[in-house]
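The numbers here are math on the coordinates, done by the rules we state, and not lab data. Given the structure is predicted, the values throughout are model-derived calculations rather than measurements.
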Amino acid sequence: MWSLWLPFRLVAWLLHRLFRKSKYINAGGYVVLGATRELEHRYLAKQVVGRALSKNEVVHHINGKRADNRISNLCLMDRYKHEHFHAWLRWKKKKSGKYPKIKSQKHVLKSEYNGILLSDVS
């Protein structure tokens with residue numbers, strides 16, 4: 001019985017994955033566009049800036065919620081500076097016991113890490 005059921009389930013799962021049209025959340029917590037299998041936040045950033053993103057560019061979620069893809073929550077930045085920004089966030093949390101406010105984070109992203117706030121792009 002299992003020998004017949006398992007292949008059927010596997011084929012059904014594969015067909016579902018191949019022809020999925022809607023969005024879903026992957027294991028990392030990011031929203032994936034089902035038709036293109038592209039991360040939604042990267043897709044939105046491409047649309048806002050009007051060009052393709054390089055592999056070295058990261059779209060940062062300012063409030064830390066990976067599924068929150070509002071334009072006001074996204075910042076485009078260099079991968080290296082992104083890592084340093086997260087180190088700064090960890091340091092601030094360790095020092096004061098809490099993360100900096102969103103407004104403060106946006107200011108630091110723009111001024112010190114050369115981030116491009118997608119809400120500021122016209």
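3J(HN,Hα) along segment 39-47, derived from phi through the Karplus expression 6.51 cos²θ - 1.76 cosθ + 1.60 where θ = phi - 60°, amounts to 5, 4, 5, 6, 4, 4, 4, 4, 5 Hz, with x in place of Gly and Pro.
In this structure, the residue pairs whose Cα-Cα separation is over 24 Å, taken from K46/K95; K55/K110; K23/K92, are K46/K95; K23/K92. I need the shape label for segment 19-120. Rule: rounded when a/c is under 1.5, else prolate if a/b > b/c, else oblate, with a, b, c from the alpha carbon gyration tensor. Since a/c reaches 1.5 and a/b is larger than b/c, the shape of segment 19-120 is classed as prolate. Between amide H atoms placed 1.01 Å from N, distances below 5 Å from V58 occur with M77, D78, R79, all of them 5 or more places distant or on a separate chain. Evaluating 6.51 cos²θ - 1.76 cosθ + 1.60 at θ = phi - 60° for every residue in segment 53-62, the Karplus couplings come out as 8, 7, 5, 7, 9, 10, 9, 8, 8, 5 Hz, glycine and proline recorded as x. Between the alpha-carbon centres of segment 63-104 and segment 20-55 there is a gap of 20 Å.
A full extension of the chain between S54 and A67 corresponds to an added length of 2.5 nm, given 0.36 nm per residue minus the alpha carbon distance.
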